[in-house]
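Shown next, in structure tokens, is the structure this report addresses.
Every number in this text was worked out from the coordinates using simple rules, so none of it is lab data. All figures in this text were calculated on a predicted structure; none of them were measured in a lab. Here the Cβ positions follow ideal geometry from the backbone for every residue, glycine too, while neighbour counts run over all protein chains shown.
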Amino acid sequence: MTCGTSSLKMNSTKPPTHTKKRILITGAGRSGTSVFKMLMSTGFFNIRALPGEKFPEKKFITPPKILLGKCLAIPLKRMQKYLLDSDLAVLFMIRHPYDVLVSEHPSTRGTYCTPPEVWNHMADIALCMSESMTVVSYDKLVNQPDVQQKRIAEKLSLTIKRPFSECHEYFDETDVEMVKNMGGIRPMDTSRNKMWHRHWHAERINDIKERYPDMLRKYNDVLELS
């Protein structure tokens with residue numbers, strides 16, 4: 001497996017082995033990070049989620065709770081800095097690029113949210129720093145939520161409170177930003193996979209295929225890490 005850019009490969013970090021006190025969820029926008037944050041906060045014991053999209057800063061830690069936060073499209077140098085923190089675990093969400101790039105935020109219907117360059121940038125980070133983070137596939141999470149939950153529990157030494165498949169019944173409705181991002185609280189929905197196949201997205205998808213011919217190869221490389 002090769003990195004998207006040599007500079008990223010040179011700056012890859014090694015995973016710390018200390019106990020984690022904070023968890024950061026990241027990825028490209030419209031990758032399912034909002035629902036994943038809700039699942040993490042309701043599916044495990046001793047998780048305290050910050051509302052909205054906030055980095056889990058050390059000053060907000062309240063032991064024995066593990067602090068959970070979310071930041072998207074993080075610049076390379078900042079990600080390198082984050083990965084040096086021994087008490088921070090990074091969960092990277094990957095979703096099929098075409099589904100990401102045709103996804104519209106519920107508050108801005110008719111406008112595509114994530115530029116292809118942002119997806120490419122985050123995929124490069126995942127490929128080159130995979131040893132320092134845990135990669136989670138959105139498609140696998142939707143299709144096999146409880147299997148993925150067990151994998152995450154083992155990776156981060158977390159204790160399962162309830163199955164991911166049942167967590168939607170306990171989502172925090174007061175986290176308005178996350179609820180809005182998800183388009184409302186509901187069970188995991190497999191119908192949202194492969195939305196890019198719909199005919200009205202054809203022009204955008206054809207343009208992306210022409211401009212970014214290696215995007216699917218890169219996605220499959222990241223997917224192997226999940």
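Quick notes
- Couplings for the stretch 77-84, taken from phi via the Karplus curve 6.51 cos²θ - 1.76 cosθ + 1.60 with θ = phi - 60°, read 5, 5, 5, 4, 5, 4, 6, 7 Hz in order; Gly and Pro are left as x.
- Residue-by-residue Karplus 3J(HN,Hα) for the stretch 40-53, coefficients 6.51, -1.76, 1.60, Hz, glycine and proline x: 4, 6, 9, x, 10, 6, 6, 10, 10, 8, 6, x, x, 10
- From most to least packed by mean Cβ count within 10 Å, the peptides 147-158, 205-216 give 147-158, 205-216.
- Take every pair of alpha-carbon atoms less than 8 Å apart whose residues are at least six positions apart; their mean separation over the length of the stretch 30-129 yields a relative contact order of 25 percent.
- For Ile94, the amide hydrogen comes within under 5 Å of the amide hydrogens of Val136, Ser137, Tyr138, counting only partners 5 or more places away or on other chains and with H modelled in the peptide plane.
- Inter-label distance, nm, simple model (7 Å from Cα along the C-beta direction), Lys58/Ser86: 1.1 nm
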